[in-house]
1. Do you know which residues across segment 124-143 are within 16 Å of the ligand (Cβ to nearest atom) and touching a residue at least 40 places away in the same chain (Cβ under 8 Å)?
2. Please find, within segment 326-346, the residue that is nearest to the chain's Cα centre (by Cα) out of those that are free of Cβ contacts under 8 Å to residues at least 60 places away in the same chain and not in a loop (DSSP other than H, G, I, E, B).
3. Could we say that Val12 is without any contact (Cβ under 8 Å) to a residue 24 or more places away in the chain, in contact with a Lys or Arg (Cβ under 8 Å, 6 or more places away or on another chain) and in a helix (DSSP H, G or I) here?
4. Please enumerate the residues belonging to segment 174-194 that are aliphatic (A, V, I, L, M), touching a residue at least 40 places away in the same chain (Cβ under 8 Å) and under 24 Å from Pro100 (Cα atoms).
5. For segment 219-287, which strands (runs of 3 or more DSSP E) that fit wholly inside it have 1 or more residues that are open to solvent by 30 Å² or more (accessible area, probe 1.4 Å) and near the ligand (Cβ under 10 Å from one of its atoms)?
6. Of everything in segment 95-129, what is under 26 Å from Gly259 (Cα atoms) and not in a helix (DSSP H, G or I)? Give them in sequence order.
7. Mind telling me which of the residues Ala175, Ala191, Ala146 ends up being assigned to a helix (DSSP H, G or I) and either buried (at least 20 other Cβ atoms within 10 Å of the Cβ) or more than 9 Å from the ligand (Cβ to nearest atom) (or both)?
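The values are calculated or read from the model by the stated rules, or taken from the named source; none is laboratory data. This one's a predicted model, so the numbers in the text were calculated from it and none came from an experiment. Virtual Cβ from ideal backbone geometry, glycine too; neighbours counted across all protein chains shown. Each accessible area value is taken on the protein alone, full model and side chains, heavy atoms only, with ligands, DNA and RNA left out. Shrake-Rupley method; radii C 1.70, N 1.55, O 1.52, S 1.80 Å.
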Amino acid sequence: MSSTEDLEYPQVLIQYQNGFLISKILFTACELGVFDLLMESEGLLSSDTIAARLGTSVSGMERLLDACVGLKLLRVEMKNKEAFYSNAEISKLYLKKSSPKSQHHNLMYYSKTIYLCWHYLADAVREGKNQYEKAFGISSKDLFEALYRSEEEMLKFMSGLNSIWSICGRDVIAAFDLSPFHLIYDLGGCAGALAQECISLYPNSSVTIYDLPKVVQMAKKHFVSPEERRITFHEGDFFKDPIPQADLYILARILHDWGDEKCVQLLTKVQKACKPGGGVLLVETLLNEDKSGPLETQLYSMNMLVQTEGKERTPAEYSKLLEAAGFKETQFKKTGKLYDAILGRK
Ligand SMILES: C[S@@+](CC[C@H](N)C(=O)[O-])C[C@H]1O[C@@H](n2cnc3c(N)ncnc32)[C@H](O)[C@@H]1O
């Protein structure tokens, strides 16, 4: 409901209208390397120096830096009427490319891929389908074939997905006691950040990343170093190839890519492969039962419309899919962060 102040002057509408301008300022400062340069310099830099070091115009950089100050991503100090900039604490932690909790790659994926698809949001709503063809000129029936159209795209996607687990991976893995499950398969485990979180919390378990062959090859080459190879890999297509027997299957951000029919098809296969007493851990962002929120999840569900064949769901909707596949005793835990956990037992 609108507040009285909003009806006299629609502040909230102005905020919404400007939402994408804010995103673009954040993406641009990341892309140009503002936060990384300020980290390396360990001191205060003027806009002239930043512009010269990053090869940009002074007039453009000055305004970008000031907007970042407005967004509280940078701090400014005036010395002899000249402005000097440094990173705010949040930027040091999350925006420097090489920091352990860096969200840089996720933001770049938003900027370079998601942003382009969202240009066609109205078409996605009209047609009820993703907009890859319009945004990227790709007419593939296979969603992931389109997504993995080049090594560069794969790297962007995998790095972007991985970075979110540095800020909420521990919460989803710790949501339930997974210690009874020793043999774990992370289906669609991608670049492996969640599998690593799982191994670090449950060192006596073995975790295998099951993904498409070219994803597994990229994960080995770029993401999971040989020393960390307590994680093993399995190349396969979970819709077409066999799924090996295990105690627990993790499906993180898998079902939200697909319509109900494909979800039940995949879960049924998983249920058949699952050892008696075993289970499946779904990691997804959960909508309220009446779909009234959370706003982030509603936004992500729109994103699934623009980008995939799937949607975000409520706990009851996930229970229904799990029950249709033969799983029982479904429990769910909201973590209070972006992603939540749902556990089904065989
Ligand atoms: C949205 S991503 C989620 C990745 C990861 N679980 C995470 O949350 O960061 C979906 C993953 O499923 C994998 N995938 C898609 N179709 C697949 C298939 N048919 N067989 C195996 N893996 C598949 C993709 O390669 C990708 O790694």
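1. Hits for segment 124-143 are Asn130, Tyr132, Leu143.
2. Step one: list which residues in segment 326-346 are free of Cβ contacts under 8 Å to residues at least 60 places away in the same chain, which gives 326, 328-330, 332, 334.
Checking which are not in a loop (DSSP other than H, G, I, E, B) leaves us with 328-330, 332.
Values: Lys328: 28, Glu329: 28, Thr330: 24, Phe332: 20 Å.
Within segment 326-346, the match that is nearest to the chain's Cα centre (by Cα) is Phe332.
3. Values: without any contact (Cβ under 8 Å) to a residue 24 or more places away in the chain: yes; in contact with a Lys or Arg (Cβ under 8 Å, 6 or more places away or on another chain): no; in a helix (DSSP H, G or I): yes.
Criteria not met by Val12.
4. Answer for segment 174-194, where residues must be aliphatic (A, V, I, L, M), touching a residue at least 40 places away in the same chain (Cβ under 8 Å) and under 24 Å from Pro100 (Cα atoms): Ala175, Leu194.
5. Numbers: elements: 231-235, 246-252, 274-284.
Passing ranges, in order: 231-235.
6. Selection gives His119, Tyr120, Gly128, Lys129.
7. Values: Ala175 fails: assigned to a helix (DSSP H, G or I); Ala191 fails: assigned to a helix (DSSP H, G or I).
That would be Ala146, the only listed residue that is assigned to a helix (DSSP H, G or I) and either buried (at least 20 other Cβ atoms within 10 Å of the Cβ) or more than 9 Å from the ligand (Cβ to nearest atom) (or both).
Matching residues to (1) open to solvent by 50 Å² or more (accessible area, probe 1.4 Å); (2) away from the ligand (no atom under 13 Å from the Cβ):
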| residue | (1), (2) |
| --- | --- |
| Ala122 | yes, yes |
| Met158 | no, no |
| Arg170 | yes, yes |
| Phe181 | no, yes |
